[in-house]
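Asks: Okay, here's the structure, questions in a sec.
Every number in this text was worked out from the coordinates using simple rules, so none of it is lab data. Please read all numbers here as calculations on a predicted model, not as lab measurements. Note that we place each Cβ from the backbone using ideal geometry, even for glycine, and neighbour counts take in every protein chain shown.
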Amino acid sequence: MEFEEIISKVDRNFQHAIETVYKYIHKTPMEHSKTLSNIVEGDIYLKCENLQKTGSFKVRGAITKISQLKDKVEGVVAVSAGNHAQGVAYAASIYNLKSVIVMPHNASISKVEATKNYGGEVVLLDASFAELFKKGYQIAKERNYEFVHPFNDPVIIAGQGTLAWEILNELYDVDNIVVPIGGGGLISGIAYIAKKLKPEIKVIGVESEAAPKASEALKKGELTEVELKPTLADGLAAKKLGDITFEFIKRYVDEVITVTEKSIAQAIYFLLERNKLVVEGAGATTVATIFDGYREIFRGKKTVLLLSGGNIDLTYIYRILLRGLSEAGKIVTLEGYALDVPGTLNKITGIIARNGGNIVDVFHDRMDIYSPPGYTLLRIIVEVPTTEAVKKIRDGLKKSGIWMEHS
Ligand SMILES: Cc1ncc(COP(=O)(O)O)c(C=O)c1O
């Protein structure tokens, strides 16, 4: 298909999307963030698509596509590690179509369960994404279902573009919109529609440095496949852009930047603590740009950071919270050798409690071969009110004569 033809398909489908999606999804809230605005010396707004139906923007493209299939096929097939899966299963259920979702065997448990709850038939496979796609196309052929691509489709791109329309309807004088990039469908739709409505707007793409396929493709001037590294932003872990999305990014995206895993974790923690928002890694990459030092872009400007999804496993949140609280000095780990006699633990917990500490977890290893004779290894995670309290707990334990802290 020629690009001009793709563009006119996006235009037609965008109109259809605007008339269709709001019957089934929310116009999500947009919040001004005072703290982030102060940090960058500009105005930062958070577009809360993590609060969207199914927990992400994916449902916009899925409804736009599937609403047009309802009298043509009995079902749809998708391949996805998570959010597209939920979007497609939900959209299919609206139009009474069947959905088969092929997912990698290590997909997040919450995303697999949610997909099933929306009525999706989940096929879990221990295989590469290329093989999962092959399986998806094969199922579609066998059952005569329509295959719904997660990003490289003008109809999906048009649906995701409704987000730009929504943002500009609420805040027309915005200067920048910052958008995460996976396969590139989301940013293609947003950049194209945003520039149609306001040509001078800047659209900035963000990817995890663990999956920098757009940065690499732009650098080389051609579609490039990258090696994926483990990332908190699982929604962005595509090896390659699509040919259509690459063309949109080249034409309509002003800049693409990468963020580190550390800053993604910081952003998830920040959004939980300050804004009470549960945001998954992919969605938090836009906020991570600020922790990664890209503040200059936002100084003196009005910027919308898109929080594109909120589907994060609680176990991830637990680990990130623990790390964040520990970095903020609100949780400490006391690790050392405790005298191996009855009553020791009672005395230690007493010292912690008297100084305002609250025990989060205790690990006890009597088999540790490095413990001095008569001692046992103990690791205690404690929530503490102040750094002064930590000092008092450490001093108390030292004086007790039953504890030797690791230096
Ligand atoms: C939460 C979230 N944000 C962003 C993206 C990236 O979207 P796209 O693949 O259209 O670039 C995804 C993709 O799955 C996602 O799940």
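Asks: For the stretch 1-126, what proportion of DSSP beta bridges, expressed in % and rounded to the nearest 5, is antiparallel?
Replies: On the way: 4 of 14 bridges.
Restricted to the stretch 1-126, the bridges split so that about 30 percent are antiparallel.
Asks: Separate question: By per-residue mean of other Cβ atoms within 10 Å, what is the highest-first order of 38-48, 90-100?
Replies: The packing order, highest mean first, is 90-100, 38-48.
Asks: If you wrap a convex hull around the C-alpha atoms of the stretch 39-185 and split its volume per residue, what is the figure in Å³?
Replies: In the stretch 39-185, the Cα convex hull volume per residue is 124 Å³.
Asks: While we're on this one: Spin-label point model (7 Å from Cα, Cβ direction): what's the Thr386 to Glu5 distance in nm?
Replies: About 7.2 nm separates the two model spin labels.
Asks: Compute the length gained on full extension between Asp365 and Leu197: take 0.36 nm times their separation in residues and subtract their Cα-Cα distance, giving the result in nm to one decimal.
Replies: Gain on extension, Asp365 to Leu197, equals 54.2 nm.
Asks: Cα centroids of the stretch 203-224 and the stretch 326-400: how far apart, whole angstrom?
Replies: Using only Cα atoms, the two centres lie 47 Å from each other.
Asks: By counting other Cβ atoms within 10 Å of each Cβ, how are Val21, Val59, Val226 ranked from fewest to most?
Replies: Least to most surrounded, the residues fall as Val226, Val21, Val59.
Asks: Looking at the square roots a ≥ b ≥ c of the eigenvalues of the Cα gyration tensor of the stretch 141-216, which shape do they give, rounded for a/c under 1.5, prolate if a/b is larger than b/c, or oblate?
Replies: Verdict is oblate for the stretch 141-216.
Asks: Report the extension gain between Arg299 and Ile317 in nm, rounded to one decimal, defined as 0.36 nm multiplied by the number of residues separating them, less their alpha carbon distance.
Replies: Extra length from Arg299 to Ile317 when fully extended: 3.4 nm.
Asks: With a cut-off of 8 Å between alpha carbons and a minimum separation of six or more residues, what is the relative contact order of the chain in percent?
Replies: 15
Asks: Okay, next question. In which sequence would Glu227, Glu405 go, from the one with the fewest C-beta neighbours within 10 Å to the one with the most?
Replies: Least to most surrounded, the residues fall as Glu227, Glu405.
Asks: Can I ask one more? Under 1.5 on a/c is rounded, so check that first for the stretch 358-407, then, if it is not, pick prolate when a/b is larger than b/c and oblate when it is not; a ≥ b ≥ c are the square roots of the alpha carbon gyration tensor eigenvalues.
Replies: oblate
Asks: From the C-alpha coordinates alone, can you work out the Kirkwood hydrodynamic radius of the stretch 282-407, in Å?
Replies: 17.4
Asks: A further question on this structure: Go through Gly356, Thr54, Thr231 and say which Cα lies farthest out towards the positive end of the charge dipole of the chain; charges sit on Cβ, +1 for Lys and Arg, -1 for Asp and Glu.
Replies: Final value for the positive-end residue is Gly356.
Asks: Here is a follow-up. Give me the Debye-computed log₁₀ of I(q)/I(0) at q = 0.09 Å⁻¹ for the chain, equal point scatterers on Cα only, no solvent, two decimals.
Replies: One equal scatterer on each Cα of the chain leads to -0.61.
Asks: At 10 °C and 1.306 mPa s, what whole-number value in µm²/s does Stokes-Einstein give for the translational diffusion of the stretch 183-328, with Rh from the Kirkwood sum over Cα pairs?
Replies: 101
Asks: What value in Å³ per residue do you get for the convex hull of the alpha-carbon atoms in the stretch 100-174?
Replies: Residue-normalised Cα hull volume stands at 143 Å³.
Asks: Related question: Relative to the Cα centre, what is the charge dipole magnitude of the chain, using +1 at the beta carbon of each Lys and Arg, -1 at the beta carbon of each Asp and Glu, and rounding to the nearest 20 debye?
Replies: Roughly 700 debye for the chain.
Asks: Magnitude of the Cβ-charge dipole of the stretch 329-405, K/R +1 and D/E -1, about the Cα centre, nearest 20 debye?
Replies: With only Lys, Arg, Asp and Glu charged at Cβ, the dipole is about 300 debye.
Asks: Here's another thing I want to ask about it. Can you say what percent of the DSSP beta bridges in the chain, counting only those with both residues inside, are antiparallel? Round to 5.
Replies: Numbers: 24 of 55 bridges.
So the antiparallel bridges amount to about 45 percent of the total.
Asks: Kirkwood hydrodynamic radius of the stretch 60-147 from all distinct Cα pairs, in Å?
Replies: Details: mean 1/r = 0.0801 Å⁻¹.
For the stretch 60-147, inverting the mean 1/r across all distinct Cα pairs yields 12.5 Å.
Asks: Where nothing but the Cβ of Lys and Arg (+1) and of Asp and Glu (-1) is charged, how large is the charge dipole of the stretch 60-147 around its Cα centre, in debye to the nearest 20?
Replies: 200
Asks: Separate question: Listing Ile351, Ile167 from the residue with the fewest other Cβ atoms within 10 Å to the one with the most, what is the order?
Replies: Ile351, Ile167
Asks: So, one more: Farthest toward the dipole's positive end in the chain, which of Asn83, Gly189, Tyr370, given Cβ charges of +1 (Lys, Arg) and -1 (Asp, Glu) about the Cα centre?
Replies: Of Asn83, Gly189, Tyr370, it is Tyr370.
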